[in-house]
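Notes follow the structure.
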Amino acid sequence: MRRIALVALRYAFFIGFVYPLLLLAFGINVRHRERLPEEGPAILVANHNSHADTLALMALFPLGRLGRIRPVAAEDYFSKGFFGWFSRNVLGILLIRRGASRGRGEDPFTPIYQALDRGDILILFPEGTRGEPERMSAMKKGVGYLAERYPEVPIIPIFLHGFGRILPKGDWLPVPFFCDMMIGEPVPRAGSPDAFMAALSARLLGLSAERRFPAFH
Amino acid sequence: MITLPSVDVAWALAATYALLLAASLVAAGLLRWRRPRIGARLTRGLRAGFLMITLFAAALLLARDWALVYLAILSFLALKEFFSLIPLRRADRRVLFWTYLAIPVQFVLIGQGLLLATVLFVPLLMLLLLPAAMIGHGDTPGFVRAAGTLHWGLMTAIYGLGTAAAVLVEPVAADRAQGAGLLLLLVLLVLLGELARAVALIVTTRRAARHGREPSGPAAWAAGVLGLVACFVLAGAVGPWLAGLDRATAATAGALVGLTGAVGDAVVAAIRRDLALQDSGSLLPGHGALLFRIDRLTFTAPAFLLVVSWASLTAQ
């Protein structure tokens with residue numbers, strides 16, 4: 001019963017809020033949509049500038065499949081309050097522990113392994129935080145380890161532009177802008193986590209160069 | 001929600017589509033044989049023409065208030081395109097939010113038939129309010145440039161489209177049929193001016209175009225004059241039948257649209273160059289599909305509104 005209620009809430013949230021917001025108020029151009037995976041398991045890797053990023057990436061998939069699309073986020077940020085409850089139960093965010101659990105011998109990625117084994121599509125933001133709007137910051141290596149452990153799961157880079165202008169970190173007033181989502185080819189495995197991260201960075205950089213973007217500073 | 005246009009407007013619309021279709025066949029022929037470069041240019045221009053006439057045809061088919069709502073939405077999309085394409089200071093982000101609110105104000109003024117307020121709102125009040133809002137949000141470096149850039153966006157997306165929308169309703173138009181005729185006439189004149197200038201440029205600068213150079217002074221002048229004459233003749237010929245204007249008013253409006261169109265073309269080109277906006281010919285929203293169709297209205301629509309409202313007000 002609770003599960004049905006949550007699914008209904010998710011549908012209502014996307015139909016009543018996310019789609020109108022993304023399509024009418026903002027407007028999104030998706031380039032190379034055909035490169036999206038038909039089914040899981042798969043990992044989408046994107047740069048992170050805004051809370052709108054997560055919603056836009058989820059909205060790339062049809063309503064019926066939203067339950068299998070799992071954005072991965074840090075537990076300390078999303079465990080508390082209504083925001084945390086909503087993110088976990090309605091959006092289906094997958095929480096991992098960062099930092100704290102390292103000494104305890106438990107692998108913080110366990111929820112990710114379980115989700116991939118179930119065939120879910122994960123959304124990862126290797127920058128770890130939204131950071132400065134419209135700037136890319138250094139990426140953490142977690143995706144590199146996942147790439148080693150799951151050599152057959154496609155890892156798809158997606159470059160996002162414009163979302164940091166709509167709703168930058170620390171601001172609450174969204175301003176409409178057109179946004180771009182550029183979907184890349186799966187990143188090939190490179191032998192080591194470091195080499196994989198280098199290949200991933202190069203892919204994202206290549207995607208960002210497909211269009212010339214105006215300055216925002 | 002829908003109103004059928006008068007027979008005259010329907011005929012004019014059908015004739016325009018037929019002409020565009022015929023021109024597309026010619027362009028396809030040029031593309032295939034002999035002149036691929038000119039053919040490609042013509043095809044691009046025609047595609048823009050189809051889009052422009054279709055955008056406004058939708059406004060002609062909607063009932064009065066729905067047509068205004070529709071044009072307000074177009075205005076919102078065009079402004080959003082402009083803001084998405086220009087370089088921005090982070091400090092001005094919130095100012096843009098308030099700027100969007102100028103759209104409903106502008107279209108309510110139009111809907112209420114407040115002609116004077118319609119014409120003064122953006123150029124005068126927003127010219128004051130926009131920098132005032134910017135002061136509240138900090139930063140002085142780059143202030144004038146930022147304010148000027150934003151104001152150009154308002155003038156194109158809100159004022160250009162708004163003054164075009166104003167000819168659709170009273171007090172400028174006596175009734176629904178005349179309003180639709182006036183708006184269609186304006187769009188046709190803008191398209192014709194563009195077409196005439198493009199043809200003149202192709203003919204006079206074939207050599208320059210072959211080497212990828214900008215047209216030189218005399219060629220640009222010739223193109224402008226041809227555009228002006230073409231608009232003068234077309235407006236004088238169909239204005240009385242299509243928009244219920246007397247022939248002198250129609251011809252004057254045509255000449256003024258041709259003139260402001262030619263000068264506006266050069267100004268718009270300079271603005272685009274300065275802001276590094278490139279018309280990719282894309283039909284995708286967000287890449288200038290809408291903005292680059294309507295930016296010539298910035299100058300032509302107010303000029304057209306001036307002449308026809310002068311005529312209708314003095315006649316009353």
Dimensionless Rg over Rh [the range B:7-315; C-alpha; Kirkwood]: 0.97
If you take every DSSP beta bridge whose two residues both sit in the protein assembly as shown, what share of them, in percent to the nearest 5, is antiparallel? 20 percent
When only DSSP loop residues count, what GluC sites (Glu not before Pro) in the range A:1-103 have their Cβ near at most 14 other Cβ atoms within 10 Å? A:GLU38, A:GLU39
Straight-line reach check, A:LYS141, cutoff 26 Å on alpha carbons, 8 or more apart in-chain or any other chain, hits among lysines -> A:LYS169
Are there DSSP H segments in chain A that both extend 18 Å or more along their axis (alpha-carbon positions) and score a mean Kyte-Doolittle hydropathy of at least -0.5? List them, or say none. A:193-208
Are there DSSP H segments in chain B that both extend 30 Å or more along their axis (alpha-carbon positions) and score a mean Kyte-Doolittle hydropathy of at least 0.0? List them, or say none. B:7-32, B:36-61, B:64-85, B:176-204, B:217-243, B:247-274
Please list, short to long, the whole-number percent of alpha-carbon pairs of the range A:153-217 in consecutive 5 angstrom bins beginning at zero. 3, 16, 21, 18, 15, 13, 9, 4, 1
Nearest-20 debye value, the range B:7-315 charge dipole, Cβ charges on Lys, Arg, Asp, Glu: 1360 debye
Give the average, rounded to an integer, of partner chain Cβ atoms located within 10 angstrom of each Cβ in B:85-92. 4
What's log10 of I(q)/I(0) for chain A at q = 0.09, 0.14 Å⁻¹, Debye sum over Cα points only, no solvent? -0.34, -0.88
Percent antiparallel among DSSP beta bridges (both partners in chain A, rounded to 5): 20 percent
Evaluate the charge dipole of the range A:2-208 about its Cα centre and quote only its size in Debye, nearest 20, assuming +1 on the Cβ of each Lys and Arg and -1 on the Cβ of each Asp and Glu. 460 debye
Burial-style ranking of A:111-124, B:159-172, A:203-216, average other-beta-carbon count within 10 Å with highest first, yields B:159-172, A:111-124, A:203-216
Sum of -39500 (n - 2.57) over DSSP H runs of 4+, divided by residues of the protein assembly as shown (222 nm, nearest 500): -18500 deg cm²/dmol
For B:LYS80, which lysines qualify as cross-link partners when the Cα separation must be under 19 Å and same-chain residues fewer than eight apart are set aside? none
Simple spin-label estimate for B:ALA63/B:LEU313, 7 Å along Cα→Cβ, in nm, reads 3.0 nm
Distribution output for the range B:64-147: share of Cα-Cα pairs per 5 Å bin in percent, first bin at 0, values 3, 13, 22, 23, 18, 11, 7, 3, 0
Hey, could you pull the Cα Rg and Dmax for the protein assembly as shown, both in Å? 27.0, 89
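FYI, it's all coordinate maths here, none of it is from the lab. Fair warning: this is a prediction, and the values are worked out from it, not measured in the lab. We place every Cβ from the backbone using ideal geometry, glycine too, and count neighbours over all the protein chains shown.
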